[in-house]
1. Accessible area per residue of the protein assembly as shown at 1.4 Å probe, in Å²?
2. Quick check for me: using +1 on Lys/Arg Cβ and -1 on Asp/Glu Cβ, what's the dipole size of the protein assembly as shown about its Cα centre, in debye to the nearest 20?
3. Using a 7 Å offset from the Cα along the Cα-to-Cβ direction at both residue A:57 and residue B:53, what is the distance between the two label points in nm, to one decimal?
4. Evaluate the charge dipole of region B:45-110 about its Cα centre and quote only its size in Debye, nearest 20, assuming +1 on the Cβ of each Lys and Arg and -1 on the Cβ of each Asp and Glu.
5. Per the Kirkwood formula on distinct C-alpha pairs, the Rh of region A:29-87 is how many angstrom?
6. Between the alpha-carbon centers of region A:42-117 and region B:68-110, tell me the distance in whole angstrom.
7. Tell me the trypsin sites (Lys or Arg not before Pro) within region B:1-77 that lie in a loop according to DSSP and have at most 12 other beta-carbon atoms within 10 Å.
8. Before anything else, pin down the relative contact order of chain A: Cα pairs under 8 Å, at least 6 apart, normalised by residue count, whole percent.
Amino acid sequence: GAGVSQSPRYKVAKRGQDVALRCDPISGHVSLFWYQQALGQGPEFLTYFQNEAQLDKSGLPSDRFFAERPEGSVSTLKIQRTQQEDSAVYLCASSLESISGNNSPLHFGNGTRLTVT
Amino acid sequence: EDQVTQSPEALRLQEGESSSLNCSYTVSGLRGLFWYRQDPGKGPEFLFTLYSAGEEKEKERLKATLTKKESFLHITAPKPEDSATYLCAVVRGGANNLFFGTGTRLTVIP
């Protein structure tokens, strides 16, 4: 079946613009995560949804970052007034249930590469 | 504070030359340790989950082991297609998110 799909694949924004990144998780997956990955680094946690509920947003770097998952499937990560330090790959991942098992590992999309000029 | 340190940062192997990647961790109440493979321009791909010291998992040329302080990813007789960045991540007690290391970039030369 289809994996996690993210769009756009690449996004170039001028400093100060708002951007919206979309994630289509695997159908039926309850948990959805957003991660930020800088060049040469491991992914860093941003936020976590269980169905439509945002249970953890402790990783969001500032109040310019906002995520939603209104119907418990598709999710959008919005960044307002983008800054150069926001340039990174934004990864979305989903899992069937809790992530701490072989039965429901985290499945990642291929990410959106955001470049802020 | 959780810490995951992977070494070496980069590793070049000849095809068929076996080696090991290290992941040292400090985490409160480990719920699981995960290994992922990431190819350039792609998202991480799940390989293994380990839960307790002494546990081992195998998949083709890869074998992951876990102690109370570190995990090893052993690669036996690697092939060029094993070239990728290998990421280690932990989940601590009470958390749901993965905490990643910075990865080991493996290159296997034909």
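The values are calculated or read from the model by the stated rules, or taken from the named source; none is laboratory data. Computed from a predicted structure; not experimentally measured. Note that we place each Cβ from the backbone using ideal geometry, even for glycine, and neighbour counts take in every protein chain shown. To get the accessible areas, we keep the full protein, side chains included, count just its heavy atoms, and leave off ligands, DNA and RNA. Shrake-Rupley method; radii C 1.70, N 1.55, O 1.52, S 1.80 Å.
1. In whole numbers, the protein assembly as shown has 49 Å² accessible per residue.
2. Values: 24 positive and 25 negative charges, 88 e Å.
So the magnitude is around 420 debye.
3. So the label points at residue A:57 and residue B:53 sit 4.0 nm apart.
4. In debye, rounded to 20, region B:45-110 gives about 180.
5. Here the Kirkwood hydrodynamic radius works out to 12.1 Å.
6. Comparing the Cα centres of region A:42-117 and region B:68-110, I get a distance of 21 Å.
7. B:68, B:69
8. 36 percent
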